[in-house]
Every structure is written in C-alpha cells, then in structure tokens.
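Here's the structure, in structure tokens; my notes come after.
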Amino acid sequence: MWRSNVLSAQTGGVPVLILREGSGRSGGRDAQRNNIMAARAIAEAIKSALGPKGMDKMLVDSSGDVTITSDGRTILDKMDIEHPAAKMMVEVAKTQDAEVGDGTTTSVILAGELLGKAEDLINKGVHPTVIVEGYIKAADKALETLENIAIPVKPAGKEFLKKVAVTSMASKLVSENKEQLAEIAVEAVLHVARKVEQDYTVDLDDIMVEKKPGESMSETRLIEGLVLDKEVVHSGMPKRVEKAKIALLESALEIKKTEFDAKINIERPEQIESFLREEEDVLKALVEKIVTSGTNVVVCQKGVDDMVQHFLARKGILAVQRVKKSDMEKLAMATGGKPITNLENLSKSDLGFAELVEERKIGDDKMTFVEGCKNPRSVAILIRGADKRFLDEAERSIHDALCVVRDVVQVPKIVAGGGAPEMEIARALRGYAETLPGREQLAIRSCSEAMEIVPLTLGENAGLDPIDLLLELRTRHEKGEKWAGVDVFRGIIKDMRELGVYEPLAVKKQTIKSATEAATMILRVDDVIASGKMKAPPMPPGGMPGGGYGGMPPGY
Ligand SMILES: Nc1ncnc2c1ncn2[C@@H]1O[C@H](COP(=O)(O)OP(=O)(O)OP(=O)(O)O)[C@@H](O)[C@H]1O
Ligand SMILES: [Mg+2]
C-alpha cells in the first residue's frame, strides 16, 4: 500500500518518523504490481518494432528534433522515462547493445513477457522468490540449449558473416541496400580483425564511420584508409599529395593571443611595419620548422593562421584544420604518426605515412581522404543517403551489422533466426520442467511460454494469426524441425536456414541473459521508497489519491 511518510516505528505509542515529509512508500504486492506494469508497458511500446515487418518509431525530443528508428535501444533512449522499473528496462537494452550490439528489442520484449508470466503466477499464489529461482534455472537451461543447437562456422568465412549482417539489417530502414551494406560491413570487420593464436579479436573503434548527405545509399563505400570531414584550408595548396608525410599537430598554428588586451603606442609608420614583420617572421619560422622536418601534409587539431596557410601553400604543403580529437587519434594509429603539441619538437620520426592524401568533392562538400596508410588495418565507411535522418538510421543499422559480424568473428557460432531458437528453447524448457518437483516447475513452464513471444511478435507484426502460428510452430519443433521459424514475408512456417536468416549465438545468449537479469531484479523488489523529491507515487486500484509516477500515466 502507498502510505506517505510511513517508514516509522512505534515507541511507547508515539510514531517516530524516519522518512522526510513528502516521501512515499509502496510495499508488497502493490510495489510488485506497479513495477511489473511499468516494465511491461515499455515492452509493449516497442513490440511493434520487432522484425523485418516491424514498424519504425518517430521520436520527437523536447527541442523538436526528430528521430526515425526501429532500433530498440534508440527508441528507449529517446523516450523520456522516469518510472524506476521502466528505467531498468532501458538498462536491459543498453546492456544488450554494449555487449553484442543487436537484439535490443528482443531482450526488452522477452523481459516484459517474463514479468507478465510471473505476475500470473504471483496471482495464483506462487512466491516471487520461487519464480526468481525458477527463472534463473530456466535461463541456464536456455543457454545450454542454444549452445547445443548452435552451428559452428569459420570465423573469417565471408558467406555466413554476410548472412548474419543481412539478417541484422533486414528489420531496418536500409533493408533495400542490405546486401551491399552487409558486404561492406564484413570487409570492414575482417580488415581490422587481429588473429591471436586460433582466435580473432575485433575492435570496432578501428573502423571509422562517416556520413555525408547526398547521392543514394548505394553510393556508400568502404575506404581503405581514413576520411576527414574537412577540406584543404587554402585554395593555393595541392589537393593531392602522394607519398604523404603527415605532421599531426595538436596545437594551433598561429601566434598565441595574449590573455590581456595590450596597448602599443605607435608613433611612426616604420614601427607598425616592423611590428607586422616581426609577426610574419614568427609565423615563417613555424612553417620553416614544418618544411625542414620533411612534412608535406599538415593535419591540425586547432586552427591554422591565414598567413601560415599562405606560406604553407607556397611550399606546396597540404593542410587541414580543426580535425576532431578522435580523428586525430585514428590518424595517429593509421599513419604511425605521433601527435605533437609543441612544434619545436617536430622531427622526421614523428611523421605519419600514407600513400595518398587527397581532397575529393562529396556531395556539396569536400572531404579529405587518407589512403594506403602505414597501418593497413585502418578502414572507413562513408555512408551516403538523401536525408539526415535517414543517414542517422543508416549509421545505427551499420553499427548493428558491424557488431553482429564482430560477434561471429570472435565467437564463430550462429543460430538461425525468425523465432526458431526461441521455439527450440521453449521445447527444451517444457521437457526440463517435467523433471523438477513442485512450484519451480510452474516457473520453468512460464519461462518456456515467455520464449514464444519472439516468434509470436514476429508473426503478429507480419499480420499472421497468433494461435495458428504458435500451434504449428510447436508441432513442428516437437517433430524435430529445430530451425522452423516464421517466414514473415510469405506468412508461412519455414526452415530458417533455407531463407539464410542467421544470427550470432552471442546475441541470442545475451538476450536471454539480459532479459532474465532484468526480470528477476524487478521481481525481487517488494518495497519502493521514493524520496519527497519525486512526484507522488502511483496508487494501485482501490481508491487512493492519484498521481503519476513521473512520466508514466496514473496507474503505472
Ligand atoms: N527474413 C526474416 N524472416 C524472419 N525473421 C527475421 C528475418 N530477418 C530477421 N528476422 C528476425 O527479426 C528479429 C530481429 O528483429 P530486430 O532487428 O527488429 O530486433 P532486435 O535485433 O531484437 O533489436 P535491434 O535490432 O533493435 O537491436 C530476430 O528474431 C530475427 O531472427
Ligand atoms: Mg536487430
């Protein structure tokens, strides 16, 4: 029940208030019910985004910025959520994204369903602790089942890597170009993969992703090198330098401005002339320093003075300025150059190397390409597309594709998708439940039913009848068709291997882990104590004063 300010004790009939005025507390069943409802509301909200037939969401933030996406994590990120249990669902998506990069929608839907089934059990009188224990056992069994059915592949085998990437993009706005983008993602990841004994490791930070409005998505390219979203600073400079020796400067190429306004009294015209000449000499010396080091390309993190630009141009040196710090780091890695703060220290050994540095016109802008770097591992993906929002979604989808390819390169095992693995887990759990005594069996059975939400939602989003779908799937899995899943395009049940719908084992395992963790964490809570700063906590049905819990509507 929600009571205000009631964490109190009775001493000799006088209540001692422990919580500050305005604090609220809900305990027992009410706390549980509220939390479950809030978490399920989140799962319900993103259900329609699952799968290739899922819909996109348009999210408008407080400043009016619009995002269009079907990426579970992004949807939840952009929603202004305040209910603590609902926020935990956002965390599920974040964990999923951080660990494996895909499957965020699935994990949240699964967590919501686990909670829904748990609520049914609680209503029947099963204690939440029993449910939690059952769910943990079920998750272990589910992970074991996944391991058993997983298909081993070659870590650097392009065929399956591409299929996995295509599947991850099938549900996105970019699905029309999924084949081409998948190829780019596979090439990029294999380019940066490092082999350590028998295993591969991939650091996705090695892959630079840039986007530029204009042209169509099919013009998206993989570049063996780096791309800087900067143009050459001076029209007199060369636009193309072969065998580039690159100086990476972290400080500005200009005369430092004094912190205070200084006044100089000039009486004769010669004085101003000599003053300006002095300044010019200092700048010339800077350029001379660069020239003597053998540099022919300057990349500066800060600004380059107009006069320095002019002198550099005269020496035939190409320069770009105001390059992002993260790009400077990538350049250092790619070209083998050392970023320099003080030009005095610049020497030949600090210079990076690339076969070619060239400014090219991309759309309405100019970008600088650094190709044939000393470190052949550096690659960049330059995404093209008509509209900024489309480009943003394309970047997120390519991120998912890169992540799933990395997952398989690192752990070379895959499963077919379309809800098939979830159905297989459900089948295994039904069998497992039989072996356990008492109420735990109920929890395992609930978990088994909850798994079916994935094929069910995929089917529902494709307009299929849920009951027919589920019955046929169950029958076919019982018959041993372990890869039977939902062919959302033709509205039938099919062996997902024939459709080439594959996902990394790592992603499927993580969805189970993240969903179970969130569900059990929420189920374990039986007391919510909200400080006075929060709005009045929600009231369970039964006539207590109203009020939403932050962003959630009353009743949540
Ligand atoms: N051609 C297909 N036919 C049937 N199911 C498919 C097909 N392609 C993908 N799927 C399924 O769609 C689901 C993935 O959908 P989606 O990418 O929208 O969600 P997610 O991966 O859980 O979350 P997110 O991508 O937002 O992080 C998986 O279960 C996958 O097997
Ligand atoms: Mg996905």
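From the P(r) of region 351-492, can you give the percent of Cα pairs sitting at distances over 24 Å?
58
Restricting to DSSP loop positions (anything but H, G, I, E, B) with no more than 14 other Cβ atoms inside 10 Å of their own Cβ, which trypsin sites (Lys or Arg not before Pro) remain in region 416-455? If you can, show how the numbers build up before the last one.
Working: sites: R427, R430, R439, R445; in loops: none.
When the trypsin sites (Lys or Arg not before Pro) of region 416-455 are filtered for loop state and at most 14 Cβ neighbours within 10 Å, nothing remains.
What number does region 41-118 give for Rg over Rh if you use C-alpha atoms and the Kirkwood radius? If you can, show how the numbers build up before the last one.
Details: Rg = 12.1 Å, Rh = 12.7 Å.
Rg/Rh for region 41-118 comes to 0.95.
Once the Cβ-Cβ distance between D387 and A98 is put in as r, and R0 is 35 Å, what FRET efficiency do you end up with, to the nearest 0.05? Write down the numbers at each step before the final one.
Values: r = 28 Å, r/R0 = 0.81.
Calculated transfer efficiency: 0.80.
With every atom except the alpha carbons ignored, what do you get for Rg and Dmax of region 328-385, in angstroms?
13.5, 44
Any chance you could check the Cα centroid distance between region 119-142 and region 376-392 for me, in angstrom?
45
Which residues in region 367-395 place their backbone N less than 19 Å from a point set 7 Å from the Cα of D203 along the Cα-to-Cβ direction?
373-381
Give me the distance in nm between label points sitting 7 Å out from Cα along the Cα-to-Cβ direction at R277 and K158, one decimal.
For the pair R277/K158, the computed spacing is 6.4 nm.
Quick one: compute a quarter of the convex hull surface over the Cα atoms of region 451-498 and quote it in nm².
Result: a mean projected hull area of 3.0 nm².
Could you run the Debye sum over the Cα atoms of the chain, one equal point scatterer each and no solvent, and tell me log10 of I(q)/I(0) at q = 0.11 Å⁻¹, two decimals?
So the normalised log intensities work out to -1.01.
Run down the lysines and flag those whose C-alpha is under 16 Å from the C-alpha of K509, throwing out any fewer than 8 positions away in its chain.
K94, K137, K141, K413
Test of the criteria: in region 106-175, which trypsin sites (Lys or Arg not before Pro) are in a DSSP loop and have at most 10 other Cβ atoms within 10 angstrom of their Cβ?
Numbers: sites: K117, K124, K137, K141, K158, K162, K163, K172; in loops: K124, K172.
The qualifying sites are K124.
Using the beta-carbon distance between R322 and E183 and R0 = 22 Å, what value does 1/(1 + (r/R0)^6) give for FRET efficiency, to the nearest 0.05?
In this case the efficiency is close to 0.10.
What does a probe at K302 reach in region 330-366, counting residues whose amide N is under 17 Å from the point 7 Å along Cα→Cβ?
339-346
Counting other beta carbons within 10 Å of each Cβ, put L222, L181 in order, fewest first.
L222, L181
Viscosity 1.306 mPa s, temperature 10 °C: Stokes-Einstein D of region 189-334 from its Kirkwood Cα radius, in µm² per second?
Roughly 86 µm²/s, to the nearest whole number.
Among the DSSP beta bridges whose two residues both lie in region 228-339, what percent are antiparallel, rounded to the nearest 5?
Expressed as a percentage, antiparallel bridges in region 228-339 total about 0.
For region 302-384, run through the trypsin sites (Lys or Arg not before Pro) and keep only the ones in DSSP coil with at most 14 other Cβ atoms within 10 Å of their Cβ.
K302, K315, R322, K324
How long are the three semi-axes of the equivalent ellipsoid for region 162-235, computed from the Cα gyration tensor as the root of 5 times each eigenvalue, in whole Å, largest first?
25, 21, 8
Can you compute the modelled spin-label distance between E147 and E250, with each label point 7 Å from Cα toward Cβ, in nm?
Those two pseudo-labels are separated by 4.5 nm.
Taking other Cβ within 10 Å of each residue's Cβ, how do R33, R524, R40 sort, fewest first?
R524, R33, R40
Report the relative contact order of the chain, percent, no decimals, based on alpha-carbon pairs under 8 angstrom and at least 6 residues apart.
Numbers: 1127 pairs, mean separation 141.9, N = 556.
It rounds to 26 percent for the chain.
Suppose the chain between F489 and V66 were pulled fully straight at 0.36 nm per residue; how much longer would it get relative to their current alpha carbon spacing?
Working: separation 423, 0.36 × 423 = 152.28 nm, distance 2.92 nm.
Result for the pair: 149.4 nm of gain on full extension.
Just to verify a number: FRET efficiency for R194 and M58, C-beta to C-beta distance, R0 = 51 Å, to 0.05?
Between R194 and M58 the formula returns 0.80.
Across 10 Å bins from 0, what is the distribution of all Cα-Cα pair distances for region 275-323, in whole percents?
26, 58, 16, 0
Expressed as a whole number of Å, what is the distance separating the alpha-carbon centroids of region 151-174 and region 244-287?
Between the Cα centres of region 244-287 and region 151-174 lies a distance of 56 Å.
Within the set of other residues whose C-beta is less than 13 Å from the C-beta of A519, count the net charge using Lys and Arg as +1 and Asp and Glu as -1. Each step should come with its number before you reach the end.
Working: positive: R40, K117, K513, R524; negative: E91, E113, E119, E133, E517.
That works out to -1.
Under the rule of -39500 (n - 2.57) per DSSP H run of 4 or more residues, summed and divided by the residues of the chain, what mean residue ellipticity at 222 nm is obtained, to the nearest 500 deg cm²/dmol?
Values: 17 runs with 255 residues, N = 556.
Computed mean residue ellipticity for the chain: -15000 deg cm²/dmol.
Roughly how many nanometres apart are two label points built 7 Å out from the Cα toward the Cβ at T435 and N123?
The modelled label-to-label distance comes out at 3.2 nm.
How much of the DSSP beta bridge set in the chain is antiparallel, as a percent to the nearest 5?
Values: 48 of 64 bridges.
In the chain, DSSP labels about 75 percent of beta bridges as antiparallel.
Sorted from fewest to most neighbouring beta carbons within 10 Å, what does the list M208, M217 look like?
Result, fewest neighbours first: M217, M208.
All other residues with a Cβ under 14 Å from the Cβ of L356 taken together, and with Lys, Arg as +1 and Asp, Glu as -1, what is their net charge?
Charge balance in the 14 Å sphere: 0.
Every read-out reported here was derived from the displayed coordinates using simple, explicitly stated rules and does not represent laboratory data. Here the structure is a predicted model, which means the values were calculated and not measured. FYI the Cβ positions are ideal-geometry reconstructions off the backbone, even for glycines, and counts take in every protein chain you see.
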